[in-house]
Structures are given as structure tokens and as C-alpha cells.
Amino acid sequence: MLAKRIIPCLDVRDGKVVKGVNFTGIKEVGDPVECAAEYNRQGADEIVFYDITASFEGRGVFLDVVRNTAKQVFVPLTVGGGIKTVDDIRETLRAGADKVSVNSQAVKNPQLIKDGADIFGSQCICVGIDAKKIADKKWTVFINGGRVDMELDLIDWVKQIEQLGAGEICLNSIDADGTKAGFDIEMLEAVCNATSIPVIASGGAGQLEHFPEVFEKTGATAALAASLFHFRELTVDEVKAELNKRNIPVRTAFGGI
Amino acid sequence: MIAIIDYGAGNIFSVKNALDYIGVSSQLTDKRSDIINADGIILPGVGAFPHAVNMLEKSGLIDTIKEQAVQKPFLGICLGMQLLFDKGYEFEEADGLGLIGGNVKLMEVGELTLPHIGWNKLEINHDCPLMHGIGEEYVYFVHSYAAECSPDDVAAYCDYAGKRTALVNRGTVYGAQFHPEKSGAVGLKMLKNFAGMVKGGQV
């Protein structure tokens, strides 16, 4: 049986790790390569880098971060932010990413998902979604860092993504993000019930208890958090110890090297 | 020196990065002479079986690989492991290297999803030098097709809607369906074990 994954996410701007709260109020917290290596030591099952750089120069610095991380971290790396074309996907994979995460651009140009999956395989195409509740059991998809409502129904989008060949969905709740009040269980459940591809829960983790909760109450296969791990409120190994105690399968530490 | 065969089938850099990290010398190559002169060989691979076979045929390396794989430690990873078998059935029937008896077929997984992606636990079938110091640990898989072969050749299985071939060994030939280079400390230990079997490659 597959282990549930714990995934720290690093937002990177101009080669430094930053973390925003509800996408604003960005703080710097350190060197991304060192942060990734530390998460690797803590037992992270995968590491996500998200490029929030706007400039062309920044893109080169960011890919260097990916390249340097791939030389010392030997768990899967997922890289998102600023990926607009098949060539961007290729360049990112060549820098050492195992998967790319596409978000706004996938909404603007869904063909990117299909082209990426056809050329590089579904396993390396993760679609990131930022969604917000607009009515009872109804959510819409936002783009550009949660600023623009596309008035696209979340469940319709999830079904479309699956048909286009995405290998995974990373679902971020705009309502829960930054609140530390727990994952958006209702939205995650709705999405997990609508698709058979793996769903990563993102947004809202604030306490140890939120991790078993998301795996016990939804079909999510992984949980992602950023600030919680950056500011060491919790470590990845603490989260995994708790999941293990609750009989949720996780990859446990290996001291053989 | 370990030769990592570069036949245009992806993820070779992560294998090279992992060997560099544990201090094992390796070179990416598509040259027959490098493969013959190497002390050990790694055949990586991501993508589809028939495409990879085509690329190998184009590279003109098939006979060299078959001949060298039985003379020195040889490790196939992911698709590189699947290529060790007689035949693959991804999209169409295609001949593999035939170094280990068996066929590579689409997994039937019922309610579960394909590809099988993620960390799954090894279930040891019998002793294998690659597994020295490693127990039933989690390793990282990404695949939809799996090898069906004699249990005699299987060092470890994993469970994904049934027993799946995870690690094979016959003589000098080893094959990992998972990615040791993406399996954290467990995978690095396995690569160290492989390097330990290679002349001059002890870490």
C-alpha cells in the first residue's frame, strides 16, 4: 500500500525562500537549497519549489536553485510557478525536477496539460488549483496567486484536468490558506470524490492534529504545508510520528546510510 | 567507473547526481567502448517500452549491453529494469533484452489508480546483495507496467493491488522497478551496495 506523503513547499523569489500569508505580507526565511536539504533530513516525501519571481533574470536563478537541490536531495522534486509552455516544462525537468506544477497557465490554456502529459508522461504533470467557496458546496477556480476569479466551477475543472491527462492535483484552498485552522475538508472531499487521480491537500495546516484529520476524513494522498515547516512550528518527522501512531501508513526514517 | 547508458530516455542526471553524492565515479555515455571498459553499468529510463527499445536499437548498443551485462554488475532502473525482460506489451509487443525471463504487462489494479506513483514498501523475497543493510523499507515508484517473471529471479515485491515485481536479480544482472536515486537514504544505500560490487567502486 502506498504511504501518505508529507510535502513541504518552498516559495522562492529571487533565489530566496519566502512565505506569504494569504498571498501577501511576504517574509524571507532562508536559502532554498539548505531548506530542502533540511526537509530531506526530516523525512519529507517530496519537496515542492514554487517560483514567485516575476523577472526573466529571476527565472535563471530559480532554475539554479532546482539544479543545486537535485545534487543533494534524493526525493522527488516538484517545481511550479511561471511555467507557460512545453519548453518551460522541458527546461524545468532538465534542471532536475521530477514533476512540474502548472496552475494559472493551465486554466488559460488547458492544452498545456495534454501536451505536457503526452510528451513527458502524466506522472510529471501536476495541476495546481487555487479555489474558493462561493456558495454551499460550490467553489470556483482563481488564478494569478488567488487574485482573479475565473468563474470556472472547481468540480468541472477537476474532471477536465483528469481527461487531459494530469497525473496529480494539488488543491489549495484560498479560504483556508494562511489561517492555520486546518485543511479545507469539505472542498477536498468534494474533489477527491470527483476524480480518481491523486489529490494533494494544501492550505490551512496549523497543528499536528490537522494531518491525521485530512487523511481520515478525505481521500487525499498527500498533505502540503509551507509556513508551518519553515518556522519550525512542526517538523516533518513529528507529523509522521503522529500519523504512524494513528495507523496511517507513512514512510518512516531510515538510518542505514 | 560506472557507465550510465545515455540513449535519450530521460532522468539520467538524477542517477548521476546520486552517484556523485555518494562519491562513486560514473560517466554518462552512449559509446560502445565506454560500456566495454566500465566496471559496472547502469541502464536508466523513463518513458514507453517500444520507444526505448527503438532508441537502444538506433544507438547500436543492444548486443554490447547483452554481452557486457553478464560479465559485470549491471543495474536497470525503472524502464531500464523492464527492458531486461523478454518482451514488453506497452502499446504494442516489443522485444526486450532477454537477460531475465518474463514479460512486462500493464498492471490490473481495480479501484486503484495508474500510474502507481509514490512510496511503497518492499517485501523481501530472497537475499540480494543490493539489499544488504536494508529491510522492508519504502521506496519511490512511478510506473504502470510491471514485470511478470519467475519468483526465483525476484529479490523483492511490493503490494499494489497484488504482488508486483520490485527488485530482480539474476547473476550479475539487477533491476529495480522503483527509483533508487529518488528513494532517499534507502536508495542511496542501495546504490552504495551496487558500487560496492563494482571493481574499484567501493565507497
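The values are calculated or read from the model by the stated rules, or taken from the named source; none is laboratory data. For clarity, every value in this text was computed on a predicted model and none was experimentally measured. Positions of Cβ are backbone-derived with ideal geometry, glycine not excepted, and every protein chain shown enters the neighbour counts.
Observations on the model:
- The set of residues in region B:60-90 that are assigned to a strand (DSSP E or B) and either among the β-branched types (Val, Ile, Thr) or without any contact (Cβ under 8 Å) to a residue 40 or more places away in the chain (or both) comprises B:77, B:87.
- Strands (runs of 3 or more DSSP E) fully within region A:40-154 that include at least 1 residues being without any contact (Cβ under 8 Å) to a residue 24 or more places away in the chain: A:125-135, A:138-143, A:148-153.
- Test: residue in region B:91-108 that is closer than 19 Å to residue B:56 by Cβ, at pLDDT below 95, in a loop (DSSP other than H, G, I, E, B) and within 14 Å of chain A (Cβ to nearest Cβ): yes
- Enumeration of residues in region A:118-142 that are surrounded by 19 or more Cβ atoms within 10 Å (Cβ to Cβ) and of a type in the set (A, V, I, L, M): A:125, A:127, A:129, A:131, A:141
- Scan region B:120-155 for residues that are within 18 Å of residue A:76 (Cβ to Cβ) and part of a loop (DSSP other than H, G, I, E, B) and the total you get is 3.
- Looking only at residues in region B:123-143 that are free of Cβ contacts under 8 Å to residues at least 40 places away in the same chain and not acidic (Asp, Glu), the one that is nearest to residue B:78 (Cα to Cα) is B:141.
- Residue identified as crowded, with 19+ Cβ neighbours inside 10 Å, more than 14 Å from every other protein chain (Cβ to nearest Cβ), in contact with a His (Cβ under 8 Å, 6 or more places away or on another chain) and farther than 18 Å from residue B:47 by Cα among B:154, B:173, B:168: B:154
- Residues in region A:211-253 that are under 20 Å from residue B:117 (Cα atoms) and charged (D, E, K, R) were compared, and the one that is farthest from the other protein chains (Cβ to nearest Cβ) is A:240.
- Every residue from region A:230-257 that is under 19 Å from the mean Cα position of the chain (by Cα), farther than 15 Å from residue A:183 by Cα and not in a loop (DSSP other than H, G, I, E, B): A:230, A:236, A:237, A:240
- From the list B:18, B:52, B:94, the one residue that fits, being touching a helix residue (DSSP H, G or I) at 6+ places or on another chain (Cβ under 9 Å), within 16 Å of residue B:177 (Cβ to Cβ) and among the small types (Gly, Ala, Ser), is B:52.
- Cβ-Cβ contacts under 9 Å between residues 6 or more apart (or on different chains), taken from a first residue in region A:14-39 that is on the phi > 0 side of the Ramachandran plot to a second residue that is polar (S, T, N, Q) and at pLDDT 85 or above, are listed as A:22/A:179.
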